[in-house]
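Have a look at the structure below before the remarks.
The values are calculated or read from the model by the stated rules, or taken from the named source; none is laboratory data. Computed from a predicted structure; not experimentally measured. Reconstructed Cβ throughout: ideal geometry from the backbone, glycine too, with neighbour counts over all protein chains shown.
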Amino acid sequence: MNIKPLGDRVLVEAIELQEVIKGGIVIPDSAKEKPQEAKVVAVGPGKRDDNGKLIPMDVKVGDTVLTSKYGGTEIKIDDKEYKILNASDILAIVEECCKAKCK
C-alpha cells in the first residue's frame, strides 16, 4: 500500500529499542514508555502560507526524528504500526555522527 500524507503531515515508523537493565532483565512492552524516535517513511508537500506560497518540509524520507510523546494518529498497514504526525509534532532530526567525534 502506498500512502502520501497531505499538507504538512509526515508518516513515521517508530524505532523500538529493546530495554535491558544492568542485571540483564528485559523490560516488557507494557512497562516501556512510548518510543519517541522514529524513521520518516513519507512526507507531504508542505504547508501553504496566507499568500498561498508552499512552505517546504524540514524533513525528508529516511530521516530519523524525535517526536512528541503523544502526538499524531496511530495506524496499522500490513501488520506494521505507523503514526501520521503534523510537522509541528516533530521535535528534532537525529543526525548520525562518527563515534570518534561524539566522545
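Values as computed for the structure displayed
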| read-out | value |
| --- | --- |
| Filter result for K80 (in contact (Cβ under 8 Å) with a residue 60 or more places away in the chain, surrounded by 10 or more Cβ atoms within 10 Å (Cβ to Cβ) and out of contact with any Leu (no Cβ under 9 Å at 6 or more places or on another chain)) | yes |
| Residue check for Y70: of a type in the set (F, W, Y) and at pLDDT 90 or above | no |
| Subset of region 46-91 (residues that are closer than 14 Å to V10 by Cα, among the polar types (S, T, N, Q) and part of a loop (DSSP other than H, G, I, E, B)) | S68 |
| Close pairs from region 48-59: first without any contact (Cβ under 8 Å) to a residue 60 or more places away in the chain and surrounded by 12 or more Cβ atoms within 10 Å (Cβ to Cβ), partner among the aromatic types (F, W, Y) and part of a loop (DSSP other than H, G, I, E, B), Cβ under 8 Å, at least 6 apart | none |
| Checklist (1) at pLDDT below 90; (2) assigned to a loop (DSSP other than H, G, I, E, B); (3) not β-branched (V, I, T) applied to S30, failing item | (2) |
| Odd one out for I75 among (1) modelled with pLDDT of 90 or more; (2) under 10 Å from the mean Cα position of the chain (by Cα); (3) loosely packed, with under 15 Cβ neighbours inside 10 Å | (2) |
